[in-house]
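Input: a single structure, listed below in structure tokens.
The values are calculated or read from the model by the stated rules, or taken from the named source; none is laboratory data. The shown structure was predicted, so the numbers you read here are calculated from the model rather than taken from an experiment. Note that each Cβ is placed from the backbone with ideal geometry, even for glycine, and that neighbours are counted across all protein chains shown.
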């Protein structure tokens, strides 16, 4: 095998394995009460190439020593580096984040991903990402999700109807997101809706939250992503089944959204990897015929 062809073959194998997209190592700080090694952790490790450590505990109290050590790489994490991404899971009740206990996360320059609108809302003096204090109750079945024009590029889906939310039981017929018709997201762009409720919103650095107060911020110092994982009735509300509330297409949309909003690098989908492998093989054939 000639040297060029060998290099192309090695590059193709790297692409197929996801190695071609690996970037610098990253630390994820996961505020959640599900057990360490939970499905959410497994989801992050399985779908992103550059997660090297997940710091997993109840970090709802931003000013607490546990949260500050996990953020800054001090205390129990001394010498391990600061966190690169914060992800707020679903197993903690939203009351854990009340009285602006979690509002300090708004001022971080690193990305913050929130997987539930309950903790992102202003109601109860939480994080103030949006002005809604109530949840909706829109029926979900089939292609219940509408991807917006803004969401098309971020979620990797054509604008229009998609089946992103799964009904996990015969009694599960509502999506527990935001109040119907809520649009009070400040400088955020709605990426997808479920009926009149909101599935996902993205705020770029420097944009305004939907309900800023003196206790939160006027503008975000880093990117913020809201992606609701909630169906109602929620299956246990323990962080173990939340990902089951998304279809396979919904999971891919979540992966792409996290890839876009954070420095986490998603593993190429098999079809994309195979396409890249085919393209490299074509280049090798052209080289041989030259």
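Structure above, values below:
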| read-out | value |
| --- | --- |
| Flag if residue 195 is at pLDDT below 80, under 18 Å from residue 117 (Cβ atoms) and either in contact with a helix residue (DSSP H, G or I) (Cβ under 7 Å, 6 or more places away or on another chain) or not assigned by TED's automatic domain parsing to the domain that holds residue 88 (or both) | no |
| Selected residue (criterion: surrounded by the fewest Cβ atoms within 10 Å (Cβ to Cβ)) from residues of the range 47-56 that are over 14 Å from the mean Cα position of the chain (by Cα) and over 19 Å from residue 67 (Cβ atoms) | 52 |
| Restricting the range 129-146 to residues that are crowded, with 24+ Cβ neighbours inside 10 Å and modelled with pLDDT of 85 or more, the residue that is nearest to residue 59 (Cα to Cα) | 129 |
| Condition broken by residue 40, with the remaining ones in (1) part of a loop (DSSP other than H, G, I, E, B); (2) buried (at least 22 other Cβ atoms within 10 Å of the Cβ) satisfied | (1) |
| Flag if residue 227 is closer than 25 Å to residue 141 by Cβ and modelled with pLDDT under 85 | no |
| Identity of the residue in the range 94-117, in contact (Cβ under 8 Å) with a residue 40 or more places away in the chain and out of contact with any strand residue (DSSP E or B) (no Cβ under 8 Å at 6 or more places or on another chain), that ends up farthest from residue 219 (Cα to Cα) | 101 |
| Members of the range 58-73 that are in contact with a helix residue (DSSP H, G or I) (Cβ under 7 Å, 6 or more places away or on another chain), outside any loop (DSSP other than H, G, I, E, B) and crowded, with 16+ Cβ neighbours inside 10 Å | 69, 70 |
| The range 85-115 - residue that is assigned to a loop (DSSP other than H, G, I, E, B) and touching a helix residue (DSSP H, G or I) at 6+ places or on another chain (Cβ under 6 Å) and, of those, surrounded by the most Cβ atoms within 10 Å (Cβ to Cβ) | 90 |
| Odd one out for residue 118 among (1) part of a helix (DSSP H, G or I); (2) in contact with a helix residue (DSSP H, G or I) (Cβ under 8 Å, 6 or more places away or on another chain); (3) within 21 Å of residue 260 (Cα to Cα) | (3) |
| Residue check, residue 163 at pLDDT 80 or above, touching a strand residue (DSSP E or B) at 6+ places or on another chain (Cβ under 8 Å) and surrounded by fewer than 18 Cβ atoms within 10 Å (Cβ to Cβ) | yes |
| Residue 158 being in contact with a helix residue (DSSP H, G or I) (Cβ under 7 Å, 6 or more places away or on another chain) and without any contact (Cβ under 8 Å) to a residue 40 or more places away in the chain | yes |
| Boolean, residue 82 is touching a helix residue (DSSP H, G or I) at 6+ places or on another chain (Cβ under 6 Å), farther than 18 Å from residue 230 by Cα and touching a residue at least 40 places away in the same chain (Cβ under 8 Å) | yes |
| Among (1) modelled with pLDDT of 90 or more; (2) under 26 Å from residue 243 (Cβ atoms); (3) outside any loop (DSSP other than H, G, I, E, B); (4) in contact with a helix residue (DSSP H, G or I) (Cβ under 8 Å, 6 or more places away or on another chain) - the single one residue 76 does not satisfy | (2) |
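Residues are listed down the side, and each one gets a yes or a no for (1) closer than 26 Å to residue 199 by Cβ; (2) modelled with pLDDT under 85:
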{"residue": "23", "(1), (2)": "no, yes"}
{"residue": "27", "(1), (2)": "no, no"}
{"residue": "39", "(1), (2)": "yes, yes"}
{"residue": "82", "(1), (2)": "no, no"}
{"residue": "93", "(1), (2)": "yes, yes"}
{"residue": "106", "(1), (2)": "yes, no"}
{"residue": "117", "(1), (2)": "yes, yes"}
